[in-house]
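Below is one structure, written out as structure tokens, with a few remarks after it.
The values are calculated or read from the model by the stated rules, or taken from the named source; none is laboratory data. The structure displayed is predicted, hence computed values, not measured ones. Counting neighbours? That spans all protein chains shown, and the Cβs are built from the backbone with ideal geometry, glycine included.
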Amino acid sequence: MGEPLLEMRSATVDYRTAGGLVPAVRGVDLRIDAGQTLGLAGESGCGKSTLAMSVLRLLPRNAVVGGEILLGGENVTEMGWGRLRAVRWAEASVVFQGAMHALNPVQRVGEQIAEPIRVHGKGPVERRVGELLEQVGLPARRARAYPHELSGGQRQRVMIAMALACSPGLIIADEPTTALDVMVQAQVLALLSKLVDELDIGLLMISHDLSVLASTCQRLAVMYAGRIVEQGRSAEVLRQPAHPYTKALAAAFPTIGDPASRLAPRGLAGDPPDPAQLPAGCPFHPRCPSAMAECSVTDVLLRPAGEDRVSACLLEVEP
Ligand SMILES: Nc1ncnc2c1ncn2[C@@H]1O[C@H](COP(=O)(O)OP(=O)(O)OP(=O)(O)O)[C@@H](O)[C@H]1O
């Protein structure tokens, strides 16, 4: 197997705030190879976006990144600004949620797609923009449209076209379908899956909705309080979650596009902990229906929980 597209080793992100350091990502290990898709799930505030944005160092200035974040073997945390600019779009790019805010409202979408192509000097621009639009299921002539002339789903397709513009090996999609209605959401997810297959790219997709991730990603990583608490093949993680937190999330989101999936997980009492004041022991223990006495004192790290599966829980998984 060649160099992974993305590898994180003990990656951390802390935010400097007036109240002290807020640990948003606390020692994450993960790996994505070409053609692999990894879904990152978890409730609001668990650190998903922080983790995703750390890959291209698209973090606010008060963020302090630690550990290793390797893009094609090169440590992003040690890159100078020139190298970072070269790597963004060309090696990895991000599809943000809410394309209406991410696109410039007063510039034709074709021009916006063309921008990274020009910056990276990747050949005849107009033809490439047309190709990209067709690749995401829009007619090439839509290049002349302004964002407000497109529907929400079409705008998200434009965002995907832009992300593909410089043929990166890795796409990072942060809640790419959250703002869309159910039918359009399914279409955009199907498009992403198709492109990953056709172009043999890697995908890191973030969502609070496990069912969205399971429909698109081969593997799932579940995040809680800045850490990955379970990781494995999507179908198996959902069929038999090893971690009680995954179990609660999976029970909460039975079907794709279920309106309830936009709410807090059902059956999961309480709120996620404040990262600045994490409880002792397992950070999930105050909410965990299976918590035992030792969970309040033992901070369990990831350990094997079946074939190709890790989980950070003291409970033994049933075979
Ligand atoms: N610029 C910042 N300064 C200080 N703290 C921050 C900053 N950005 C995020 N945080 C904190 O870091 C933690 C992780 O936030 P993050 O946005 O990564 O979570 P998330 O899982 O992506 O949530 P959401 O789904 O709501 O976007 C949260 O506690 C958040 O309040």
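A few comments on the model shown:
- Any hit, the range 38-58, residues being assigned to a strand (DSSP E or B) and out of contact with any helix residue (DSSP H, G or I) (no Cβ under 6 Å at 6 or more places or on another chain): yes
- Test: residue in the range 172-180 that is surrounded by fewer than 24 Cβ atoms within 10 Å (Cβ to Cβ), under 14 Å from the mean Cα position of the chain (by Cα) and acidic (Asp, Glu): yes
- For the condition at pLDDT 95 or above and within 10 Å of the chain's Cα centre (by Cα), LEU71 does not qualify.
- 2 or more residues buried (at least 20 other Cβ atoms within 10 Å of the Cβ): qualifying helices (runs of 4 or more DSSP H) within the range 73-134: 109-119
- Candidate set: the range 61-72, residues that are touching a residue at least 60 places away in the same chain (Cβ under 8 Å) and surrounded by fewer than 18 Cβ atoms within 10 Å (Cβ to Cβ); chosen: the one farthest from the ligand (Cβ to nearest atom): GLY72
- Filter result for ALA173 (among the aliphatic types (A, V, I, L, M) and modelled with pLDDT under 90): no
- Restricting attention to the range 3-51, the residues being touching a Phe, Trp or Tyr at 6+ places or on another chain (Cβ under 9 Å), of a type in the set (A, V, I, L, M) and near the ligand (Cβ under 8 Å from one of its atoms) number 2.
- Of the residues in the range 14-23, not one is at pLDDT 95 or above and part of a helix (DSSP H, G or I).
- Subset of the range 147-171 (residues that are assigned to a helix (DSSP H, G or I) and free of Cβ contacts under 8 Å to residues at least 60 places away in the same chain): PRO147, HIS148, GLU149, GLY152, GLY153, GLN154, ARG155, ARG157, VAL158, ALA161
- The range 24-37, subset assigned to a loop (DSSP other than H, G, I, E, B) and more than 14 Å from the chain's Cα centre (by Cα), residue modelled with the highest pLDDT: ASP33
- Options LEU84, LEU58; residue that is away from the ligand (no atom under 14 Å from the Cβ), out of contact with any Asp or Glu (no Cβ under 8 Å at 6 or more places or on another chain) and without any contact (Cβ under 8 Å) to a residue 40 or more places away in the chain: LEU84
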